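Chemist: This structure is in structure tokens; I'll ask about it shortly.
Nothing in this text is a laboratory measurement; each read-out follows from the coordinates by a stated rule. Keep in mind the model is a prediction, meaning the values are calculated, not measured. Glycine also receives a Cβ, built like all others from the backbone with ideal geometry; neighbour counts cover every protein chain displayed.
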Amino acid sequence: MDEEKKSLVERLFRGLDKFLILGVIITFVEVLLEVGFRYVLNKPLTWGGELSQTVLVWLTFVGAASVLLQGGHIAIDMLVPLIPSDKAKRLLRLVGSLAILIFVTVGFWAGWQVVARTWSMRTTAMQIPSGILYLAFPVGCLLTIPVALRDIYRAVKGAESR
């Protein structure tokens, strides 16, 4: 990718980071409300746990794409520095990025199948489509695809991917 496209991806993910921050705030406020209603008013919220569960699932899968963009996923790379060849290191990065691309492509397709099967079902408390919860996985996979493609491009071109 050239610099313009890279900055476009980063601009898109900046908006995504704001979405993730909003999710954390929503979860925090919901938990405070839940504690207050349950222990102060002795009247627990029926929808509270379901809301925080849904938001946390979305934070997990959508946030994974954002973390990959920043190179923040945990990696065990103690053997990589021992490899003397830059070509071999690039090949390892390429193989890893290709594995991620294959996983998220299959994950998107399979996740979409689950969403399609569960969309007509309703959640217990909030009465929203159950597919909304499961939609987080294919959306997270879809968001990861351009990042994986960027890393593949960098591995092929010899640029530093992280």
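Chemist: Could you tell me the distance between the Cα centroids of segment 23-70 and segment 89-146, to the nearest Å?
Modeler: 20
Chemist: Sort GLU10, GLU34 so the one with the fewest other Cβ atoms within 10 Å of its own Cβ comes first.
Modeler: GLU10, GLU34
Chemist: What area, in nm² and to one decimal, does the C-alpha convex hull of the chain cast on average over all directions?
Modeler: The number I arrive at for the chain is 11.5 nm².
Chemist: Determine, for the chain, the count of lysine pairs separated by eight or more sequence positions (or lying on different chains) whose alpha-carbon distance falls under 18 Å.
Modeler: 4
Chemist: OK, next. So between LEU12 and ASN42, what do we pick up on full extension, going 0.36 nm a residue minus the alpha carbon distance?
Modeler: Additional length available on full extension: 6.5 nm.
Chemist: Right, something else. To the nearest 20 Debye, how big is the dipole of segment 3-157 about its Cα centre, given +1 on the beta carbon of each Lys and Arg and -1 on that of each Asp and Glu?
Modeler: The dipole magnitude comes to about 340 debye.
Chemist: Provide the packing ranking of 101-107, 52-58, i.e. peptides ordered by the mean count of other C-beta atoms within 10 Å per residue, highest first.
Modeler: Top of the packing list down: 52-58, 101-107.
Chemist: Pop a pseudo-label 7 angstrom from the Cα along the beta-carbon direction at both VAL114 and PHE19 and give the gap in nm to one decimal.
Modeler: About 1.8 nm separates the two model spin labels.
Chemist: Now for a separate question. Quick one: which of 85-95, 108-118 comes out on top by average Cβ neighbours within 10 Å, and what's the full order, highest first?
Modeler: My ranking of the peptides, most packed first, is 108-118, 85-95.
Chemist: When a footprinting reagent is the concern and you count Cβ atoms within 10 Å, what order do TYR153, TYR39, TYR134 take, fewest first?
Modeler: With the sparsest Cβ surroundings first, the list reads TYR39, TYR153, TYR134.
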